[in-house]
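Novice: Dropping the structure in here first, questions after.
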Amino acid sequence: MDSDELRNKVIEVIKTIYDPEIPVDIWELGLIYSIDILPINNVQITMTLTAPSCPSAQDIPAEVEQKVKAMEEVGEVSVEVVWDPAWDRSMMSETAMVELGFM
């Protein structure tokens, strides 16, 4: 499996993770900034949350790490939460905006 294929599979897994307060997955919300496939199928994910005070600040990154690490094809997983750039609504996909009634 090449890195593009693995990246796409990782995205599919990430699309099963939701912010408990918002009925849209974290991929469509734009919370995932990057997914890097490293040697021996290690995965490095850089993400953010909707706000530093998000009640799920511990849970969402842990769920991302756990679900991606559970993938048969994946070696180690590193999830880094960053606050720069800060998340805002413009980072959401069109799908998320429609689902949340912003369009």
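Novice: Tell me which GluC sites (Glu not before Pro) from region 50-99 have a DSSP coil assignment and no more than 13 other beta carbons within 10 Å of their own.
Specialist: Working: sites: Glu63, Glu65, Glu72, Glu73, Glu76, Glu80, Glu94, Glu99; in loops: Glu72, Glu73, Glu76.
For GluC sites (Glu not before Pro) across region 50-99 that sit outside H, G, I, E and B with at most 13 neighbouring Cβ atoms in 10 Å, the list reads Glu72, Glu73, Glu76.
Novice: Taking the DSSP beta bridges in the chain as the whole, what percent of them are antiparallel, to the nearest 5?
Specialist: On the way: 7 of 12 bridges.
Of those bridges, close to 60 percent are antiparallel.
Novice: Now a separate question. Sort Ser56, Ser78 so that the residue with the fewest other Cβ atoms within 10 Å of its own Cβ comes first and the one with the most comes last. Mind dumping the intermediate values first?
Specialist: On the way: Ser56 17, Ser78 14.
Ascending Cβ contact count within 10 Å gives the list Ser78, Ser56.
Novice: Could you pull out the GluC sites (Glu not before Pro) across region 1-46 that fall in loop regions by DSSP (anything but H, G, I, E, B) with no more than 13 other Cβ atoms inside 10 Å? Intermediate results must be reported in sequence, preceding the final value.
Specialist: Working: sites: Glu5, Glu12, Glu21, Glu28; in loops: Glu21, Glu28.
Filter output for region 1-46: Glu21.
Novice: Report, in deg cm²/dmol and to the nearest 500, the calculated mean residue ellipticity at 222 nm for the chain, where each DSSP H run with n ≥ 4 adds -39500 (n - 2.57) and the sum is divided by the residue count.
Specialist: Theoretical 222 nm ellipticity from helices: -8000 deg cm²/dmol.
Novice: For a quick check: sort Met1, Met47, Met97 by the number of other beta carbons within 10 angstrom, fewest at the front. Display every interim value, and only then the final one.
Specialist: On the way: Met1 10, Met47 21, Met97 15.
Starting with the residue having the fewest Cβ neighbours, the order is Met1, Met97, Met47.
Novice: Between exposed chymotrypsin sites (Phe, Trp or Tyr not before Pro) in the chain, where DSSP calls loop and at most 16 other Cβ atoms lie within 10 Å, what's the longest gap? Display every interim value, and only then the final one.
Specialist: On the way: sites that count: Trp83, Phe102.
With a cap of 16 other Cβ atoms within 10 Å, the longest stretch comes to 1-82.
Novice: About the Cα centre of the chain, what is the dipole size in debye to 20, counting +1 per Lys and Arg Cβ and -1 per Asp and Glu Cβ, all else neutral?
Specialist: 100 debye
Novice: How fast does the chain diffuse by Stokes-Einstein, in µm²/s, taking the Kirkwood radius from C-alpha pairs at 37 °C and 0.692 mPa s?
Specialist: Values: Rh = 14.0 Å.
Estimated via Stokes-Einstein, D reaches 235 µm²/s.
Novice: Residue farthest toward the positive end of the dipole of the chain, with Cβ of Lys/Arg at +1 and Asp/Glu at -1: which of Gly101, Leu31, Val13?
Specialist: Among Gly101, Leu31, Val13, the one farthest towards the positive end of the dipole of the chain is Gly101.
Novice: With angles folded into 0 to 90 degrees, how steeply does helix 3-14 sit against the dominant principal axis of the chain? Use alpha carbons for both and round to 10.
Specialist: The angle comes out at about 40 degrees.
Novice: In addition: Ranking Asp36, Asp4 by Cβ neighbours within 10 Å, fewest first, what do you get?
Specialist: Numbers: Asp36 12, Asp4 9.
Final ranking by Cβ density, sparse to dense: Asp4, Asp36.
Values quoted throughout were computed directly from the atomic coordinates according to the rules given, and no laboratory measurement underlies them. Every value quoted in this text rests on a predicted model; they were computed, and no experiment measured them. Quick reminder, even Gly has a Cβ in these numbers, built from the backbone with ideal geometry, and neighbours come from all protein chains shown.
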